[in-house]
1. Please enumerate the residues belonging to segment 20-53 that are touching a Leu at 6+ places or on another chain (Cβ under 6 Å) and not in a strand (DSSP E or B).
2. For segment 77-88, what are the residues that are crowded, with 16+ Cβ neighbours inside 10 Å, touching a residue at least 40 places away in the same chain (Cβ under 8 Å) and under 24 Å from Glu28 (Cα atoms)?
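Just so it is clear, none of the values below were taken in a lab; they were calculated from the coordinates. No experiment lies behind these values; they were computed from the predicted model shown. Please note: Cβ atoms are built from the backbone with ideal geometry, for glycine as well, and neighbour counts cover all protein chains shown.
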Amino acid sequence: KRWAFCRENFSNFEMQMKKPAIDIHRDELDSIGVEIVPVKSLQCETYPAHRDDHYIFIVQQDGYCLWELDFSQIPLTGTAVGFITPGQVHQNLDFEGARGWLVFVTPGLVSPENREIFDNFTHVRQVASIPADDPLFQLIPILETTLGQASLALKEELVASLTGTVTT
């Protein structure tokens, strides 16, 4: 009887000590493989830590945002860029007046050379400040407009080319 009590309590202890599984979000992007979301649309939402099967590029025009990447807090201040690799645990913690975009990109649209660079800089340097007049801030709206065109000749090729420029 005493051993049964010990086994039951140990089993309860084990269940309390298990870490919750971290979800992986798969196949969220449409067939073209790119989605752009304004950062301001996320200011009211906080998602639990999760993984994605695609890249996320953070393009911040101004403000402040705080991310948790693989359980380390990473701030972006002012004009800055950052990236999150597929499979990396992440969570947005704060978007304090941040302005900019999140660009979600399927790995197939990122060149092998750039994927290698992102892999090498994961956990080393995933954010960087950029000048306020960086052409990237003009390119994202062009990519966004292109994505919104329902019947655009060579749309996939144009999106792939623009995405390649954004991820370089």
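1. Gly33
2. Selection gives Val81, Gly82, Phe83, Ile84.
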